[in-house]
1. Does Ile349 satisfy the criteria of being out of contact with any strand residue (DSSP E or B) (no Cβ under 6 Å at 6 or more places or on another chain), free of Cβ contacts under 8 Å to residues at least 40 places away in the same chain and not charged (D, E, K, R)?
2. Limited to the range 145-186, what total is found for residues that are more than 15 Å from Gly237 (Cα to Cα) and part of a loop (DSSP other than H, G, I, E, B)?
3. Scanning the range 403-417 for residues that are of a type outside the set (A, V, I, L, M, F, W, C) and in contact (Cβ under 8 Å) with a residue 60 or more places away in the chain, which turns out most open to solvent (accessible area, probe 1.4 Å)?
4. Does Leu185 satisfy the condition of being open to solvent by less than 10 Å² (accessible area, probe 1.4 Å) and aliphatic (A, V, I, L, M)?
5. Name the single residue, out of those in the range 35-64 being aliphatic (A, V, I, L, M) and touching a residue at least 12 places away in the same chain (Cβ under 8 Å), that is least open to solvent (accessible area, probe 1.4 Å).
6. Which residue pairs have Cβ atoms closer than 6 Å, lie 6 or more positions apart in sequence or on different chains, and pair a first residue in the range 306-319 that is outside any helix (DSSP H, G or I) with a second residue that is open to solvent by less than 30 Å² (accessible area, probe 1.4 Å) and modelled with pLDDT under 95?
7. Only one of Arg433, Arg396 is part of a helix (DSSP H, G or I), among the basic types (Lys, Arg), under 16 Å from Ala29 (Cβ atoms) and open to solvent by 40 Å² or more (accessible area, probe 1.4 Å). Can you tell me which?
8. Among the listed residues Asp172, Asp213, identify the single one that is over 26 Å from Gln93 (Cβ atoms), of a type in the set (Asp, Glu), in contact (Cβ under 8 Å) with a residue 60 or more places away in the chain and buried (at least 20 other Cβ atoms within 10 Å of the Cβ).
Amino acid sequence: MQIDRFLLFLDLLQKELLLFACLAFLIGALDDLLFDGLWIFHSLKRQLFVYTRFKRATVESLNPPAAVCRMAIFVPAWKEAAVIGAMLRRCLQQWTNSDYRIYVGCYPNDSETVAAVAAASTGSDKVRIVICQRDGPTTKADCLNHLWSALCRDEIEEQANFAAVILHDAEDIVHPGALTLFGHLIGRAALVQLPVIPRRAKESRWVAGHYGDEFAELHGKQMVLREALGASIPSAGVGCAFARDALQTLAVQTRGKPFDANSMTEDYELGLNLTGGEARGIFARLRDRHGQLVATQEFFPDKLEDAIRQKARWMAGISLSGWDRLGWKKSWRENWMRLRDRKASLAAIVLAIAYIAVILMGLLLFAELIGAYRLQPLSPSLEILLLLNACFLSWRLMMKCYFVFALYGWQEAILSIPRTIVANLINIMAVWRALSQYVAQLAGYPVRWEKTSHFYPDAQNIKQLRPQYSANEKG
């Protein structure tokens with residue numbers, strides 16, 4: 001009798017959890033459906049009324065900027081000796097016809113990275129090593145502020161200002177036409193963001209692979225429509241150029257430190273702060289003459305623990321800290337986009353509840369199979385909710401497959417369906433870590449630079465990793 005009561009309790013609990021998850025999923029699905037509908041309308045409008053009248057430009061066909069466009073590339077580096085050398089050598093080889101300087105931020109207690117930077121930049125005046133005042137790790141923003149100070153000193157000594165500040169990480173695979181595109185657009189906007197293309201090691205099809213699924217849709221649809229709606233553009237922290245004057249205006253307000261060292265996601269917040277008012281942000285999707293997107297490629301974490309750590313930082317900084325640090329605006333477009341940014345943590349919690357409901361259902365079905373219990377029937381309203389959510393889930397998976405197929409091909413598109421479960425589990429585990437980080441920040445603990453290990457391929461593998469974009473891709 002006690003077992004029957006316990007199983008009945010589990011049955012009722014399972015249905016309550018399922019009902020809550022279904023209602024939450026339905027709200028999120030309606031939000032996604034509206035967003036998808038607007039993106040489809042925007043894409044069709046451009047296909048019918050823009051691309052039928054004008055030939056698509058390539059980065060090689062752009063007119064050079066009217067004025068001298070000197071650019072500074074900031075690369076914060078802590079324990080990056082394994083990758084920074086190859087990254088810098090590629091930059092120097094790819095950007096032979098541009099006016100730029102790479103500022104690499106290193107630490108006094110990281111001599112290996114300093115040595116790697118020095119070796120890679122031997123014989124070139126394009127790279128400057130900047131040693132931070134304190135031992136590392138501090139924060140990425142603190143390192144960037146040291147680079148900003150070095151840039152300002154150089155401008156005073158040389159009596160010439162830079163036009164833009166570009167952010168890159170030590171493992172980034174840069175595109176040869178990136179500086180050309182930045183130079184063409186930076187005079188029109190406070191921020192120019194290029195697409196980010198995650199690459200994965202062959203042995204990490206599931207953990208590293210899920211980043212490709214997410215970024216294919218994020219930078220193929222969400223950022224495109226975000227710009228079309230006139231909302232602010234968040235920076236991805238890599239492959240992005242800030243107008244130097246916009247950073248200077250912000251630096252005046254922040255005592256010479258435009259990058260906020262108290263933020264877990266300083267790049268995201270900086271983008272919103274610079275483009276949230278009258279200043280414009282541009283998300284630039286342009287191809288070269290070979291049909292490849294001018295984008296930044298990089299290898300994302302290939303181990304579960306590293307992926308959880310990185311996702312937790314994003315959730316803590318964007319979903320949780322961003323709520324009270326950035327607040328809300330008067331524009332419905334802006335608030336809608338910020339709400340979509342901040343719902344990641346709540347979605348992960350709802351997913352955890354849904355998976356608990358699924359596990360309980362499995363236990364109850366087993367009990368019924370062995371004759372120990374008879375399941376209570378579902379209510380008609382719950383059946384309708386399950387059917388609606390099944391339809392919306394099918395639509396969501398179809399949209400994901402489309403964008404993954406457009407970027408990586410049909411094999412990755414098929415794999416993106418089961419990888420959804422992997423992504424969900426990573427997000428569920430990350431949200432609890434994010435909550436602890438957020439609580440620690442509220443308690444006054446300083447933000448620390450939580451690094452993940454990076455990988456940089458050799459020149460032969462870079463060529464093999466360039467994605468073969470399908471003719472079906474739009475944008």
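The values are calculated or read from the model by the stated rules, or taken from the named source; none is laboratory data. Everything quoted here is computed from the prediction, not taken from an experiment. Note that each Cβ is placed from the backbone with ideal geometry, even for glycine, and that neighbours are counted across all protein chains shown. The protein model used for the area step is the full one, side chains on, heavy atoms only, and it has no ligands, DNA or RNA in it. Shrake-Rupley method; radii C 1.70, N 1.55, O 1.52, S 1.80 Å.
1. Spelling it out, it is not the case that Ile349 is out of contact with any strand residue (DSSP E or B) (no Cβ under 6 Å at 6 or more places or on another chain), free of Cβ contacts under 8 Å to residues at least 40 places away in the same chain and not charged (D, E, K, R).
2. 8
3. Checked the range 403-417; the qualifying residue most open to solvent (accessible area, probe 1.4 Å) is Tyr408.
4. Taking the combined requirement at face value, the residue does not satisfy it.
5. The extreme case among them is Val59.
6. Pairs that qualify, where the first residue is outside any helix (DSSP H, G or I) and the partner is open to solvent by less than 30 Å² (accessible area, probe 1.4 Å) and modelled with pLDDT under 95: there are none.
7. Of the residues listed, the single one that is part of a helix (DSSP H, G or I), among the basic types (Lys, Arg), under 16 Å from Ala29 (Cβ atoms) and open to solvent by 40 Å² or more (accessible area, probe 1.4 Å) is Arg396.
8. Asp213
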